[in-house]
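Scroll down for the structure; my scribbles are underneath it.
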Amino acid sequence: MALIVGSKGQIVISKEIRDKIGVKPGWLALERLTGDYVEVYFVPPEHSKSLKGSLLPYIKTHIAQGKEWNEARDKVWDEAAKKKIVGSKEG
């Protein structure tokens, strides 16, 4: 598709392309000169939507809230702290 460059150097990305890659108003457009052409990348703005449950399909172990949950959480925190301490001694 050929586009006409406006007086301010602007072009309009066609609706078909915007829809295909999901670009919405408010997204950041990053441009990079590569050889003799320009690459454009689109970055969505930060969102305020909840991510609760978004990883649920990938979780294989379910632990109910309560004593078992607290023990599992404490174990993971202890392991992470030990790795952090060992890593800081090496560096």
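The structure-derived value of mean projected area of the Cα convex hull in nm² appears in the list [x] 7.9; [y] 12.6; [z] 14.7 under the label [y]. Rounded to the nearest whole Hz, the Karplus-based 3J(HN,Hα) values (6.51 cos²θ - 1.76 cosθ + 1.60, θ = phi - 60°) of segment 24-35 follow the sequence 10, x, x, 6, 8, 9, 9, 10, 9, 7, 10, x, with x at glycine and proline. Under the convention that each Lys and Arg Cβ holds +1 and each Asp and Glu Cβ holds -1, the size of the dipole of the chain around its Cα centre is about 240 debye. The lysines within cross-link reach of K15, meaning a Cα-to-Cα straight distance under 28 Å and a gap of 8 or more places when in the same chain, are K24, K49. The trypsin sites (Lys or Arg not before Pro) of the chain that meet both conditions, a loop assignment by DSSP and at most 12 other Cβ atoms within 10 Å of the site Cβ, are K8, K49, K52, K60.
Each reported figure results from applying straightforward, stated rules to the coordinates on display, with no laboratory input. None of the values given here were measured: they were computed from a predicted structure. Note that we place each Cβ from the backbone using ideal geometry, even for glycine, and neighbour counts take in every protein chain shown.
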